[in-house]
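The structure appears right after this line, and notes come after that.
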Amino acid sequence: MPRPNRAWVAPPAAPSVGGMTATTPTVAIIGAGFGGLAAAIELGRNGIHDFEVFERGDSVGGVWRANAYPGAACDVPSPIYSFSYALETRWSARYGSQPEIHAYLRRCADRFGITPKIRFGAEVVAATFADDGWSVELASGEVRRFGALICATGQLSRPRIPEVPDRSSFAGAQFHSAEWDPAVSLRGKRVAVVGSGASAIQLVPAIVDEVDRLHVIARSPNWVANKCDHATGGPLHALLRRVPGLARLQHNAEWLWFESRVPMIFNRLDPVRTVFQAWLRAKIRREIRDPALRAVVTPDYKVGCNRILPSNDWYPALDRSHVSVHPHAVARMTPQGPVLADGTVVEADVVVWCTGFTADEYLAPIRITGRDGRLLHTEWKDGPEAYLGITVAGFPNMFLLFGPNTGSITNTITYLLEKQARYARMAIQHLATRGGRLEVRAEVQNDYQRWLDRRLRATVFTSGCPGWYHTATGRVFAVWPGSHLEYARRTARFDPADYTPGA
Ligand code: NAP
């Protein structure tokens, strides 16, 4: 167990909204990833201890437990991709690797006393609101009652593999990047990687030296920027541990640097975007020799539309002689390998699907029934909506973390999760003072949604982007269209006037 350091001392609890009373609701938290842990720690350090965390996996970490493919690492610097009250001083590099992040989250769960409150292997299949409380049903059939529900299942927890015809006819091994099979060796094999998103650009350089032949099926290219990464060895670790305030300074400097990128999402900065795109094109020219390949990897949409991927070794990997890039979709599968939309048969021994997650089916596997029998998935049939991304009209005493329109594009999701956890905790404290239920007013949620839609129209996200930030009908549901400071300001106070108190 690593030694604690100064930056791990949790700040004093925020003042309560009223004191804890006998009516303090018991709380169910679904998920033990960054979001679930943020919620549990926030409750615990504010004197709310009557909660239980349900986690379907066998350890904490969420996506950082599941995504164990070679090369998996964070694409946000670790000093800000961690809890602001639990700054780590021993990251091996500016961008921590998946095993390090997973270990960090396990340490957080232990240090803040959350681990004993987590039920592992406990998959929630339904949650039903009645009589001012939630009945939470597990896959085992067990049903538990709670006063409040916090859903922290993430948007990127369920792998999506496209439903190509005859997918199971493939004679070799195939799996999703988030379900990596360590028993399958890639050494000397013909490997096809489907996708060119954040997962593929980490995986491909990590396996390129090992395989005999690599096919990258990249139907849409993404903008890729330089990754300013560096190893952070012993001397820096010692300084960060010993110099009071240094870890905090490092965190704040990284945070401000990332926050300064916010203007990039607004349409009015199109000229800046054009200059940035020219710079990214120059990177393509520098790192790829073949003009035909350069054309294939150059996106035709505005930079900022979806995640700008940091990598120094993606283009050089694609430029290797045993690597082929296919700018087409997979149309169907044969025993030999994928057949592409242009008719090419990609012969392979292993196919890895880096094809993303079912983000648009947020919370889908859990049947959530709110007041008067309304189903969350029916309410959300045109796309998910929630006030501040946290509360939903018709679903009292329920709080979402990483809910609709709270994805972090310009800075770090951990900051937004902390703010959502704080807001949910303030609401639960309010409930504790008066009991009953709290339900966001429909008109408050609608006004907020109208503001969001207006704001989104001013951003690059509505300029015809590819990717997964929008529903099939084009409604942008995944990303927060503003600065992180603005989100912090909007969620800083819990205003009971926004809510209908129930009986
Ligand atoms: P993704 O960004 O959704 O990319 C999926 C890829 O699969 C796209 O290139 C997509 O092409 C392609 N695809 C889908 N169906 C296909 C088909 N039938 N034929 C050919 N290609 C197909 O998924 P991801 O790379 O797993 O990343 C998902 C999210 O996870 C990221 O946006 C990020 O938020 C998160 N992530 C974060 C990190 C991190 O370091 N923090 C690392 C990995 C992932 P189209 O673009 O044409 O649809």
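Couple of notes before you dig in:
- Simple label model, 7 Å out from Cα along Cβ direction - residue 130 to residue 320, nm: 5.8
- The alpha-carbon of residue 283 sits under 26 angstrom from the alpha-carbons of these lysines, leaving out residues fewer than 8 places away in its chain: 227, 302.
- Under 5 Å from the amide H of residue 134 lie the amide H atoms of 146, 147, 148, each residue being 5 or more positions distant or on a separate chain, with H modelled from the backbone and absent for Pro and chain starts.
- Label zone at residue 237, where the point sits 7 Å out along the Cα-to-Cβ direction: region 97-116 residues whose backbone N lies under 18 Å: 97-108
- Euclidean distance of C-alpha centroids, region 75-92 and region 380-418, integer Å: 23
- Backbone phi angles across region 61-74, fed through the Karplus curve with coefficients 6.51, -1.76 and 1.60 (θ = phi - 60°), yield HN-Hα couplings of x, x, 4, 7, 8, 6, 8, 10, 6, x, x, 4, 7, 7 Hz in residue order; Gly and Pro are listed as x.
- Relative to the Cα centre, the charge distribution of the chain, modelled as +1 at Lys and Arg Cβ and -1 at Asp and Glu Cβ, gives a dipole magnitude of about 1300 debye.
- Residues in region 186-217 that a label on residue 329 would reach, taking backbone N under 14 Å of a point 7 Å out along Cα→Cβ: 195
- Dipole of the chain computed with +1 at Lys/Arg Cβ and -1 at Asp/Glu Cβ about the Cα centre; of 395, 284, 41, farthest Cα towards the positive end is 284.
- Relative contact order %, the chain, counting alpha carbon pairs below 8 Å whose residues are six or more apart: 22
- Here region 123-180 and region 287-360 have alpha carbon centers that stand 29 Å from each other.
- Amide H contacts of residue 211 (H built 1.01 Å from N, under 5 Å, at least 5 apart or other chain): 188
- Taking amide H as placed 1.01 Å from N in the peptide plane, the amide H of residue 470 sits under 5 Å from that of 477, each at least 5 places away or on another chain.
- Shown in residue order for region 245-250 are the 3J(HN,Hα) couplings computed by the Karplus curve 6.51 cos²θ - 1.76 cosθ + 1.60 at θ = phi - 60°: x, 5, 4, 5, 4, 4 Hz (x for Gly and Pro).
- Derived scalar couplings ³J(HN,Hα) [region 87-99; Karplus, 6.51 cos²θ - 1.76 cosθ + 1.60; whole Hz; x for Gly, Pro]: 6, 8, 10, 10, 4, 6, 8, 4, 9, x, 8, 4, x
- Pair residue 142, residue 492: separation of 7 Å Cα→Cβ label points (nm): 4.2
- Loop sites in region 351-439: trypsin sites (Lys or Arg not before Pro), DSSP, at most 16 other Cβ within 10 Å: 374, 381
- Farthest toward positive dipole pole in the chain [+1 Lys/Arg, -1 Asp/Glu at C-beta], among 448, 80, 479: 80
Bear in mind these aren't lab numbers, they're just calculated from the coordinates by the rules spelled out. Owing to the predicted nature of the structure, the values given are computational and were not obtained by experimental measurement. Cβ sites come from the backbone with ideal geometry, for glycine too, and all protein chains shown count toward neighbours.
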